[in-house]
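Taking it in order: structure first as structure tokens, then the write-up.
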Amino acid sequence: MSALKLIFMGSPDFSIPALQALLAHGHQIVCVYTQPPRPAGRGHKEKPCPVHAYALAQGLMVRTPKSLKDADEQQAFQALNADACVVVAYGLILPKPVLDAPRLGCLNIHASLLPRWRGAAPIQRALIAGDDKSGVSIMAMDEGLDTGAVLLMEETPITAQTTASDLHDRLAHLGATMIGKALAGCDQGTLSAIPQDQDGVTYAAKLDRHEGRLDWSLDADELERRVRGLNPWPGVWFEHAGTRIKVLAAALCAGSGQPGTLLEGPLTIACGRGALKLLRVQKQGKAAMTAEDFLRGFDLPIGTKLG
């Protein structure tokens with residue numbers, strides 16, 4: 001395939017492998033669009049997002065508009081005269097004039113098997129729901145929320161050991177391997193976009209920091225999936241004696257009792273159904289540690305009832 005003039009739109013780490021792949025394939029990246037820099041750290045100094053920093057290091061032109069609804073922004077986008085736009089977790093809505101500007105349209109790399117898990121947090125929602133597979137969909141974007149016709153789709157399994165970090169990295173690299181084929185198929189007219197099936201539509205709502213609080217009345221298997229799905233952000237935690245304790249890893253185990261009660265075995269806690277053994281935890285301001293190390297400095301005897 002001949003090199004294409006491309007606009008790239010993305011912001012977080014998840015987007016970088018796709019940009020790297022496009023550069024490696026020899027495509028001309030005429031501009032990179034990212035979210036604007038935001039205050040970060042103790043000094044609240046503005047910090048560019050990961051894609052912004054990477055693009056600058058590669059000598060690429062970067063634009064960071066707060067919105068694409070402005071007519072001047074849309075004209076600037078159109079003036080780039082791109083063959084296609086590749087969008088990966090960008091974070092802004094693309095109005096119709098932007099969607100229609102590139103010759104081949106705007107292609108989105110979405111981290112789910114559409115139409116399941118349209119929306120903001122498909123990786124985490126798939127894990128929390130107990131899905132046995134995930135994947136990447138390359139979609140021809142339209143004005144809806146992840147409603148465009150699908151050009152390519154590839155699956156990958158979710159196992160009982162899969163974490164959000166594992167799946168994030170796997171899908172980021174899977175999307176990067178797929179986008180070149182999708183662009184070639186669109187350019188050569190050999191790839192047909194298939195409308196999404198309206199059966200099975202689900203929405204991956206944006207994560208909320210309060211979702212990480214462990215509710216011991218829930219079943220142990222659901223809590224274990226939350227531990228795998230909500231780390232590193234917003235994190236999973238419980239409080240005892242005024243101390244917040246993050247849970248970084250956990251496993252299902254035998255046991256029963258009043259929800260929230262500590263059972264036999266290091267940090268084994270009764271849930272609504274079954275029990276959960278906390279394997280790796282972290283107190284505020286402290287390093288992560290095993291359950292055994294944690295209990296040497298924190299008194300939680302058997303029978304203790306957690307909130």
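Here are the numbers for the structure shown:
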| quantity | calculated |
| --- | --- |
| Those residues of region 5-62 which are in contact with a Phe, Trp or Tyr (Cβ under 7 Å, 6 or more places away or on another chain) and among the polar types (S, T, N, Q), in sequence order | 11 |
| Number of the condition not met by residue 142 [criteria: (1) closer than 22 Å to residue 17 by Cα; (2) touching a helix residue (DSSP H, G or I) at 6+ places or on another chain (Cβ under 8 Å)] | (1) |
| Conditions (1) assigned to a loop (DSSP other than H, G, I, E, B); (2) farther than 22 Å from residue 129 by Cα; (3) touching a Phe, Trp or Tyr at 6+ places or on another chain (Cβ under 7 Å): number failed by residue 281 | (1) |
| Residue match in region 67-89 (condition: on the phi > 0 side of the Ramachandran plot, open to solvent by 40 Å² or more (accessible area, probe 1.4 Å), touching a Phe, Trp or Tyr at 6+ places or on another chain (Cβ under 7 Å) and in contact (Cβ under 8 Å) with a residue 40 or more places away in the chain) | yes |
| Long-range neighbours under 8 Å by Cβ, at least six apart or interchain, first residue among the β-branched types (Val, Ile, Thr) within region 164-185, second at pLDDT 95 or above | 177/21; 179/18; 179/21; 179/22; 179/86; 179/107; 179/109; 179/138 |
| Number of the exception - residue 123 against (1) out of contact with any helix residue (DSSP H, G or I) (no Cβ under 8 Å at 6 or more places or on another chain); (2) farther than 23 Å from residue 6 by Cβ; (3) open to solvent by less than 20 Å² (accessible area, probe 1.4 Å) | (1) |
| Within region 1-94, helices (runs of 4 or more DSSP H) holding 1 or more residues that are out of contact with any helix residue (DSSP H, G or I) (no Cβ under 9 Å at 6 or more places or on another chain) and within 23 Å of residue 173 (Cα to Cα) | 16-24, 50-57 |
| Yes/no for residue 275 being out of contact with any Lys or Arg (no Cβ under 9 Å at 6 or more places or on another chain) and open to solvent by 40 Å² or more (accessible area, probe 1.4 Å) | no |
| In region 2-15, the residues that are surrounded by fewer than 20 Cβ atoms within 10 Å (Cβ to Cβ) and closer than 27 Å to residue 123 by Cα | 12, 13 |
| Region 146-204, subset acidic (Asp, Glu) and closer than 17 Å to residue 125 by Cβ, residue least open to solvent (accessible area, probe 1.4 Å) | 146 |
| Region 30-66, residues that are open to solvent by 90 Å² or more (accessible area, probe 1.4 Å) and under 18 Å from residue 90 (Cα atoms) | 38, 47, 56, 66 |
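To keep it simple, each residue is scored yes or no on (1) modelled with pLDDT under 95; (2) more than 15 Å from residue 278 (Cβ to Cβ); (3) crowded, with 17+ Cβ neighbours inside 10 Å.
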position	(1), (2), (3)
220	no, no, yes
223	no, no, yes
230	no, no, yes
241	yes, yes, no
246	no, no, yes
250	no, no, yes
255	yes, no, yes
260	no, no, yes
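The values are calculated or read from the model by the stated rules, or taken from the named source; none is laboratory data. In this text, all values refer to a predicted model and were calculated from it rather than measured experimentally. Glycine gets a Cβ as well: all are built from the backbone with ideal geometry, and neighbour counts include every protein chain shown. Just so you know, the surface numbers come from the protein's heavy atoms only, side chains and all, with ligands and any DNA or RNA stripped out. Shrake-Rupley method; radii C 1.70, N 1.55, O 1.52, S 1.80 Å.
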